[in-house]
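Below is one structure; the comments refer to it alone.
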Amino acid sequence: MFRDKVALVTGGSRGIGRAIVLSLAKEGAKVLINYKGNEKAAMETLEEVKKIGAEGEIFRADVSVEEGVEKMFNFILEKWGRLDILVNNAGITKDNLLIRMKNEEWEQVINTNLKGVFYCTRAAVKIMLKQRYGRIINVSSVIGLRGNIGQANYAAAKAGIIGFTKAVAREVASRGITVNAVAPGFILTDMTEVLSEEMKKKVLEEIPMGRFGNPEDVANVVKFLASDEASYITGVVLSIDGGLSI
Ligand SMILES: NC(=O)c1ccc[n+]([C@@H]2O[C@H](COP(=O)([O-])OP(=O)(O)OC[C@H]3O[C@@H](n4cnc5c(N)ncnc54)[C@H](OP(=O)(O)O)[C@@H]3O)[C@@H](O)[C@H]2O)c1
C-alpha cells in the first residue's frame, strides 16, 4: 500500500504513535520515528520496524522547538528525498483545574500539542506542495470535542487542532494534499495508564461499546486516511472512541 512512500510519525516511539509506525511499516512505508526523550522506546520501535522488513530511522526532536523540527525535516529530505505522510501524533497532558492551572502547564501543553502541529505541518506542506502529493493526519481527541474537567489546556489544544486541520485542508486541497484529524477516545497507553482506577471505571461506564480502545484501533484509521482509498476525504474529524462522543 505504501511502497516507495515516506512517513513521519511524531511521538512515534510509544503508545498510539508506535502502533501507527508499525501499521505504516507493514504496508511498506519508510518511517521516521520522532521522539522527545525516550530513546530506548524509540529504538525498540525501530527494531520492530526492521523485523517487519521495512526501512526506518529514529530522530530526537521536541516538536515545540522550531530549530529541532527544521533539522528533522532536513534529515528526511537528505535521507529519502521526499515526504508523503505526516502524522502529527506527539502530545502530552498537564492536567489541573483551571483556577490552579500554572502558566507553564498551559504553555507546555499548547506548545507541544498545537504549536508542534503548526511547525511540522508547515514544514511538511512546503515539501508536499512541490510533490503535489501528501497526506497529513492530525491526532486530536474526544476532549477537543467535548471538553473535560481539569483539561482546559489539553481541550484548547485539541480543539485548536481541529480548526487548524480544516483551514489547512482548504488551503492545500487543490494540490493533491489531504489534511484530516482523528479524535481518539480513551486509548490504553502510558498517557491513560496513570489515571486512577476510579476515573477509568467512570469513563468505561460512558463508553457505549463497553471497552477502552487499543493503539491499533487508532492506527487502522490513520492507515486508511493515509492511503489512496481515502483520496477524496479532506478536512474531516474521525472519532475513534467506541461511541464515547455520541
Ligand atoms: N491515550 C489516549 O487515550 C488518547 C486519547 C485521545 C488522544 N490522544 C492523543 O494521542 C497522541 C498519542 O498519545 P499516547 O497516549 O500514545 O501518548 P504516550 O503513550 O504518552 O506517548 C506520547 C508520545 O509523544 C512523544 N512526545 C511527547 N512530547 C513530545 C515532544 N515535545 N516532541 C516530540 N515527541 C513528543 C513521546 O516521546 P518520548 O517517548 O520521547 O517521551 C511519545 O512518543 C497524543 O497526541 C494524545 O494527546 C491519546
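Out of the residues in segment 111-142 meeting the condition of being assigned to a helix (DSSP H, G or I), within 16 Å of the ligand (Cβ to nearest atom) and of a type in the set (Val, Ile, Thr), tell me which one is nearest to the chain's Cα centre (by Cα). Please lay out each step first, then the result.
Let us first name the residues in segment 111-142 that are assigned to a helix (DSSP H, G or I), namely 111-131, 142.
Pick out the ones that are also within 16 Å of the ligand (Cβ to nearest atom) and you get 111-124, 142.
With the extra rule that they be of a type in the set (Val, Ile, Thr), the set shrinks to 112, 117, 121, 142.
Values: THR112: 11, VAL117: 9, THR121: 11, VAL142: 14 Å.
Only one residue fits best here, namely VAL117.
With the requirement that a residue be in contact with an Asp or Glu (Cβ under 9 Å, 6 or more places away or on another chain) and more than 27 Å from ILE136 (Cβ to Cβ), what does segment 209-246 give you?
Scanning segment 209-246 gives a single hit, MET209.
Within segment 227-246, which residues are closer than 16 Å to ILE20 by Cα and open to solvent by less than 30 Å² (accessible area, probe 1.4 Å)?
SER227, ILE240
For segment 2-27, name all the residues that are closer than 18 Å to GLN131 by Cβ and either within 9 Å of the ligand (Cβ to nearest atom) or out of contact with any Cys (no Cβ under 9 Å at 6 or more places or on another chain) (or both). Break it down into steps so the answer makes sense when it comes.
Pass one, segment 2-27, residues closer than 18 Å to GLN131 by Cβ: 2-8, 24.
Those that are closer than 18 Å to GLN131 by Cβ and either within 9 Å of the ligand (Cβ to nearest atom) or out of contact with any Cys (no Cβ under 9 Å at 6 or more places or on another chain) (or both): PHE2, ARG3, ASP4, LYS5, VAL6, ALA7, LEU24.
Is there a residue being over 16 Å from the mean Cα position of the chain (by Cα), assigned to a loop (DSSP other than H, G, I, E, B) and either within 15 Å of the ligand (Cβ to nearest atom) or closer than 14 Å to ASN89 by Cα (or both) anywhere in segment 150-171?
yes
Restricting the search to segment 22-49, which residues are in contact with a helix residue (DSSP H, G or I) (Cβ under 9 Å, 6 or more places away or on another chain) and charged (D, E, K, R)?
LYS26, GLU27, LYS30, LYS36, GLU44, GLU48
Would you say GLU47 is within 13 Å of the ligand (Cβ to nearest atom), among the acidic types (Asp, Glu) and farther than 25 Å from SER141 by Cα?
Working: within 13 Å of the ligand (Cβ to nearest atom): no; among the acidic types (Asp, Glu): yes; farther than 25 Å from SER141 by Cα: yes.
Considered against the rule, which asks whether it is within 13 Å of the ligand (Cβ to nearest atom), among the acidic types (Asp, Glu) and farther than 25 Å from SER141 by Cα, GLU47 comes out as no.
Are there any pairs, at least 6 apart or on different chains, whose C-beta atoms fall under 7 Å, with the first in segment 191-206 and closer than 17 Å to THR93 by Cβ and within 12 Å of the ligand (Cβ to nearest atom) and the second open to solvent by less than 100 Å² (accessible area, probe 1.4 Å) and at pLDDT 95 or above, and if so, which?
Hits for this filter: MET191/GLY15; MET191/THR93; THR192/PHE186; VAL203/PHE186.
Could you check segment 227-246 and list, in sequence order, the residues that are touching a helix residue (DSSP H, G or I) at 6+ places or on another chain (Cβ under 7 Å) and within 16 Å of the ligand (Cβ to nearest atom)?
If the condition is that a residue be touching a helix residue (DSSP H, G or I) at 6+ places or on another chain (Cβ under 7 Å) and within 16 Å of the ligand (Cβ to nearest atom), then VAL237, LEU238, SER239, ILE240, ASP241, LEU244, SER245 are the ones that fit.
With the structure loaded, tell me whether GLY213 is within 21 Å of the chain's Cα centre (by Cα) and under 21 Å from LYS166 (Cβ atoms) or whether it fails that test. Walk me through it before giving the result.
Values: within 21 Å of the chain's Cα centre (by Cα): yes; under 21 Å from LYS166 (Cβ atoms): no.
No.
The values are calculated or read from the model by the stated rules, or taken from the named source; none is laboratory data. None of these values were measured; they are calculated from a predicted model. Note that each Cβ is placed from the backbone with ideal geometry, even for glycine, and that neighbours are counted across all protein chains shown. Surface areas here come from the heavy atoms of the whole protein model, side chains and all, with no ligands, DNA or RNA. Shrake-Rupley method; radii C 1.70, N 1.55, O 1.52, S 1.80 Å.
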